[in-house]
Amino acid sequence: LSFIIAGRAATSLAADKSQAIPFLPAPKNCEGYVGNVGFDPLSISEYFPVDYLREAELKHGRMCQLAWLGYVAVDLGLRVPGYPEAMSGATSATAHDAAVEFGAMGNIFIWIAIAEMTSWIGVSQMLQGSGREPGDFGFGKQYLEGKSEAQIEKVKLQEINHCRAAMLDFFDL
C-alpha cells in the first residue's frame with residue numbers, strides 16, 4: 001500500500017515541476033502565457049499581477065532591442081543631425097559622455113518621461129480589467145489580421161523570445 005501511495009505522490013509532483021528549473025515547482029499564475037517555461041525562481045508571480053510583469057518584460061525587451069540598434073548604429077557612423085563635432089568621432093562607448101556635454105540627455109529624459117506617463121494609462125486600464133493585452137498599444141494590429149490563432153501565438157512567441165535575447169545581449173554590452 002505504501003508503494004502505491006508513494007507512486008501517486010511522485011507522479012503528481014513530477015507534473016507540477018518547472019520546465020526551466022526542474023527542481024522547482026511550476027508557477028501556477030504564469031500558465032496560459034505565451035513563452036511560459038515555468039521560470040519564476042523567486043515566485044514573483046505570486047505577489048504581482050502576471051499581466052503587469054509581462055508588460056514590463058515586453059517594454060524592457062523592446063527598449064533593449066532599440067538600444068542595441070542605436071549602439072550598433074553609432075558604431076556604423078550614423079549621427080543625429082545638428083550635433084557638434086564632438087559627436088562626429090564618438091563611438092558607442094563614448095557617445096553618452098558627448099551627449100551629456102552637449103546637453104541632449106535632458107531632452108531624452110523629457111521624452112522618456114512623457115512616454116512612460118502615457119503608457120501608464122494603458123497599463124492601469126489593463127490592470128482594472130479593460131481586456132487590453134500586455135504590450136498592446138494598438139500599433140501593428142494590421143499584421144495579425146487574417147491569421148489563425150496558432151500563427152498569432154507564434155508571432156507573440158517570437159516577439160517575447162527576441163525581447164529576452166535583446167535584454168541578455170544588451171546586458172552583455
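The values are calculated or read from the model by the stated rules, or taken from the named source; none is laboratory data. Note that the coordinates shown come from a computational prediction; the quantities given were computed from them, not determined experimentally. No Cβ is skipped: glycine too gets one built from the backbone with ideal geometry, and neighbour counts run over all protein chains shown. These accessible areas exclude ligands, DNA and RNA; they are computed on the full protein's heavy atoms, side chains included. Shrake-Rupley method; radii C 1.70, N 1.55, O 1.52, S 1.80 Å.
Tabulated data
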quantity: First in the stretch 40-54 and under 21 Å from Ser119 (Cβ atoms), second anywhere and among the charged types (D, E, K, R) and surrounded by 13 or more Cβ atoms within 10 Å (Cβ to Cβ), Cβ under 6 Å, 6 or more apart; calculated: none
quantity: Cβ pairs under 6 Å, 6+ apart, first in the stretch 92-114 and closer than 23 Å to Leu76 by Cα, second part of a helix (DSSP H, G or I) and hydroxyl-bearing (Ser, Thr, Tyr); calculated: Ser92/Tyr71
quantity: Residue list for the stretch 150-162, filter: free of Cβ contacts under 8 Å to residues at least 12 places away in the same chain and open to solvent by 100 Å² or more (accessible area, probe 1.4 Å); calculated: Lys154
quantity: Residue list for the stretch 147-173, restricted to those being of a type outside the set (D, E, K, R) and closer than 19 Å to Glu133 by Cα; calculated: Ser148, Ala150, Gln151, Ile152, Val155, Leu157, Gln158, Ile160, Asn161, His162, Cys163
quantity: Tally, over the stretch 132-167, of residues that are within 18 Å of Met63 (Cα to Cα) and either over 14 Å from the mean Cα position of the chain (by Cα) or of a type outside the set (Lys, Arg) (or both); calculated: 17
quantity: Selection from the stretch 115-146 of residues that are among the hydrophobic types (A, V, I, L, M, F, W, C) and closer than 18 Å to Leu53 by Cβ; calculated: Trp120, Val123, Met126, Leu127, Phe137
quantity: Which numbered condition Lys147 misses (of (1) within 23 Å of Val34 (Cβ to Cβ); (2) open to solvent by 50 Å² or more (accessible area, probe 1.4 Å); (3) touching a residue at least 24 places away in the same chain (Cβ under 8 Å)); calculated: (3)
quantity: Any helices (runs of 4 or more DSSP H) falling wholly within the stretch 18-129 and containing at least 2 residues that are charged (D, E, K, R) and either over 18 Å from the mean Cα position of the chain (by Cα) or surrounded by 11 or more Cβ atoms within 10 Å (Cβ to Cβ) (or both); calculated: 50-75, 95-102
quantity: Filter result (modelled with pLDDT of 85 or more and hydroxyl-bearing (Ser, Thr, Tyr)) within the stretch 96-147; calculated: Thr118, Ser119, Ser124, Ser130
